[in-house]
Structure formats: C-alpha cells, structure tokens
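Taking it in order: structure first as structure tokens, then the write-up.
The values are calculated or read from the model by the stated rules, or taken from the named source; none is laboratory data. Note that the structure is predicted; figures quoted are calculated from it, not measured. Neighbour counts run over all protein chains shown; Cβ positions are idealised from the backbone, glycine included. All accessible areas refer to the heavy atoms of the entire protein, side chains included, with ligands and DNA or RNA removed. Shrake-Rupley method; radii C 1.70, N 1.55, O 1.52, S 1.80 Å.
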Amino acid sequence: MTPRFSPIGCVKSAALKLLVRGGAATVARSFEKRDPFAAQSRMLKDLVAQGAATRFGKDHGLAELAGKPFNELYGLYRKRVPIRTYEDFWRDYFSSGYRQSHEQRSLSLADITWPGKTRFFCETSGTTAPTKFIPFSDQMFAANRRAALDLAACYLHRNPKSRLLPGKLLYMAGNTNLTDLGDGVASGDMSAITLLHPPSYLKPFIAPDPAVSALPWEEKLAALARLLLTDQEICAISGVSPWILLLLKRCAELEGKSLPTVLPNLELIIHGGTSMKPYRQEFSALFGRKAPNFIELLPSSEAFMAFQLPGDDFMRFTPYYGVFFEFVPFEELDERGVPRPDADAVPLEAVQAGKRYAVILTTCAGLWRYHIGDTIRFVSLDPLMIEFTGRDKFLDRFEEKVTQGEVEEAIASLNRLDGIDIREFMVGPDIMERRHVWVLAMGMGSVLDDTRLAANLDKKLQVMNADYATFRGQGRIGEPLVVTVDAEMIYRWSKEVRGKLGGQSKIPHIDPTVDGEMVRSLLRFIDMGSDAA
C-alpha cells in the first residue's frame, strides 16, 4: 500500500491565490456534505454497467443486473461474483495476457476484466513473492486525481494561514525505471507511475525530477537531502514513515543543527503505507515542539480509501473514488487471513463502529470483489472515520492471531521507555521453539538489554491479546526472543538479500513466510556480519 497525493502547487499571483483558496473552500465544503451511502449505491451501478461487456462481465452475467435498484442489484451481485484473492484473478483472468520468453516479459489485458486496454500495472513492493501486477486504468488515474484535489482543498480550507500555495511537494516515490511489458504497456511501483504521469498543471510543483527518483537508494537519499536543504520552496514531504525519517535524519546530520532550524519552511508531512505508531516518538524527538502538520492516508495500488482532515484524530473514509467497498468481519477470516469466496460480506451502510473488517474491493480498474488484505476499524459512523488495523499478515503460526496493530503498539510502548530507540523491526515465528523472534534495529546510544525488552514485549502482548495471554499461560507459546542489532544492519539485509530498499519498499514488520524463513534469513545475515567483524 503508497502515498501519492500532492497539495496544490505554487501559485505566484496573489489574486490567483485568493481564487484558489476560494475554490478550495468550495470543494472542501462539498466534500464534507457528500452522502457516502448514496455514492456507493451509484458506484456499484456504474461499475457493473461498465464491466458488463468484458469477459469477466459475461462470465458473471453483469448485463442482467443493469438498471436494478441497489438492494436487488447488490444481492444478485454477491451471489454471482465470489470473493477472490489476487492469485484467483491471476489464474482465472490476468495470466491469459501474460507471456515470458528468456528474460523478457509481456502482459496485455484488453476487455478482460475492464473495458479497453490497461496501459499500466502496479508492481506491488509487498512482502511476498511472486510480484503482483495490479491493473491501473485511466479511470483509476482520474479517480486518484480527484482524491488528490479533495485532500488539498480540505487541508487548505482548514489551514487558512497555510504556506503551501507558494510551495512544492517532495515526493518520495519508488524507482522510476518502469518495466516495458510491450505494446505500450508498462509496470512498476505505483508511486513512480504517478510521479511520471502527473497532471500537467502540477509538474512544476513536484520534486524531485524522475532522474533523481531513478537513482539507487543511497544516492537518492543523499540527493533528496541536498534538495530538501537547498530548495526553500519545498514545504511538504510525502512518503512512507520510515523513509521520511531517514531523509530527515540525513538532513540533520548534514547540517549539524535541529530540523526546525534547517527546514524552517517544512509545513506538512503526508504519510501512509505503514502505521505511524512505531515512529511517532522518533518524529517528536526530531522536531520537538515545532513539528510540522501530519496527514495520514490509506492508499494502495488497488484503491484509495481514506485521508485525514486537519484537526481529526482519525482518517475519513472516502468511498467516492472509483471503488465499491464491502467488508468481512475479521473473525470470519481463515488462518491465512483470507475470507471464504462466499463469506458474509456487508456493504458500507451495514458496518458497525468498533468492529474490525477485512476490505473487499470492486474497482474501476477491473478488480471485482477483490480481497486486498488490509483490515480497518470504523471508529465513527457519522462522520465515517477509520483506523488502519493492519494487513492479513499477522502472527498466527501458533493460533495466537496477534495482529499487526498489536505488534506495532508493542514496539511503540518500548520506544516510550528511557534509552530505547527502535528504528525498525521484524518479528516472526521460531517454529521449533514455539516462540516469537523479534529483531530490533536500534539507534545509536540505545540500551541493549535483550532480556528486558523481551519481557516488556511479552507483557504488552498479553495485555492486548487474550489468545496470546492464554497460550503463554498454558505454555503453548514460549517466551519471546529479542535480538538487537545496529539500525543499518536491517537495511543492509533488505538491500543485499531481498533486493529491496528505499522508496515505497517497506521492511515487513511481520514475517509473511509460512515457516519463519524471512526472519531466519535476517538472523543468518546478522550472524555473518558479526563473524566478519
């Protein structure tokens, strides 16, 4: 999942600034008055009508649903279209357009699950192999741009003294070297596709240029730091929390001064793709009382789902951008975090506050009742506000079902202890010993007391998760093992072993492999590094 939305760019004319502010106020007021349930009713009708003539539409009789009232339409839609995972779509539809010979790949889909030819595919940077090719249609481009303008308008409306209008956005996109899949089709990181193809009116106001984004991670980080320190028009950063942190720390190291001193024009940080909880203390330490504003997003290669309005504690759910949403109660997911094809999903109008749901998408890029793997909780129904509660990867190898949210809160609790500075982490199962192994990448000067950290993690998880507490009490799960390493070690492993570092690639906080192979790989890398030293 990647942040890809930019505030309105630099406007030189004072009169034009007033015009833009007035327009932002109008858009923001309209956004807050929208009826999300009526929007979803129209969305499903429109998507079914557009998809009826595709191969998928013919397979599922979508043409027969056109024109029906929403309740009847939705009931029939659920019966005819099962919930599918990416693997299901690949097997049943996408693989038909895929060819591979020697080292060349091609992928072409036209009128398969969405009308017309799909020109772009987002390669998910995710934590598992093989690579997923997520269709990214022209309609999805347009929907994302509408979301961007709504976000910008809402921010400007709620911040009348904002300095973003004469400023630029530093966009920490993934590598902009896209893969040519033949016949005018390309694939790559979704944020990079967006950076390479922004609306023409925004191009002067987005940094860096694509050549910088295409650099290797270490070179790109250095170039971004220099750009941020020298270009006084940059007043916002968009990216994934841990990589924004690395960039800001590089700036502080280069100048040897506090961030508010070296980046006085930085007003806004737009973050998403991973929870802020484990990193919040580190951001606070960098900025002190002069922190910029923060806006959280819930974007992904498949859909845009939510953004935070200034002054709100949680994200507003945004069911307006080319997606029809359904929700499966978290309790109905199987041991892999996947719902049954006929799981009892509900539309937006039937969700309950406080419940955790897996998200099911029908999109204007040709995904139909697609299980994305994200889970959310509605914290309010009027207005609709959510919190991101993780993905379908959770600690469950011993049936304990510790969620990603609980894992991240446990790390956040450690970071609140004196002398503890956890920069990054991964946790996975030790199957033979029936315990969790936590690799904690620590900042300079941290107190390295593995036993104490393990005890604190154990205690916190027992408080948060009843199953974990029961299994620990019964001896079904052993005491956790903590291994602390220098922060750079985990980044070196990600680069040298996984081949992924920087941009929108994230360190997987929970080992997604069935048997804990990823965390074992990291431990072997650490051992080799220790032997070399």
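Here are some notes:
- Restricting segment 235-295 to chymotrypsin sites (Phe, Trp or Tyr not before Pro) that sit in a DSSP loop and have at most 16 other Cβ atoms within 10 Å of their own Cβ leaves nothing.
- Potential lengthening between Leu381 and Arg452 on full extension [0.36 nm per residue; Cα-Cα distance subtracted]: 21.5 nm
- Of the trypsin sites (Lys or Arg not before Pro) found in segment 144-212, the ones in coil according to DSSP and having at most 16 other Cβ atoms within 10 Å of their Cβ are Lys161, Arg163.
- Qualifying aspartates and glutamates (Cα of each under 13 Å from Cα of Lys68; at least 8 residues distant if same chain): Asp46
- Carbon plus sulfur fraction of accessible area for the chain, probe 1.4 Å, in percent: 51 percent
- Entries of Lys168/Lys249; Lys58/Lys401; Lys132/Lys168; Lys290/Lys459; Lys45/Lys168 with Cα pairs more than 29 Å apart: Lys58/Lys401; Lys132/Lys168; Lys290/Lys459; Lys45/Lys168
- Taking all protein chains into account, the per residue accessible area for the chain stands at 41 Å² (1.4 Å probe).
- Annotation: amide H-H contacts under 5 Å for Lys401 (H modelled 1.01 Å from N, sequence separation of 5 or more, or interchain): Asp396.
- Answer label, with log10 I(q)/I(0) by the Debye sum over Cα atoms at q = 0.09, 0.10, 0.11 Å⁻¹ calculated from the coordinates and candidates (1) -0.67, -0.84, -1.03; (2) -0.61, -0.76, -0.93; (3) -0.91, -1.01, -1.11: (1)
- Loop-located trypsin sites (Lys or Arg not before Pro) across segment 222-300 with a Cβ neighbour count of 14 or fewer within 10 Å are Lys257, Arg289, Lys290, with loop assigned by DSSP.
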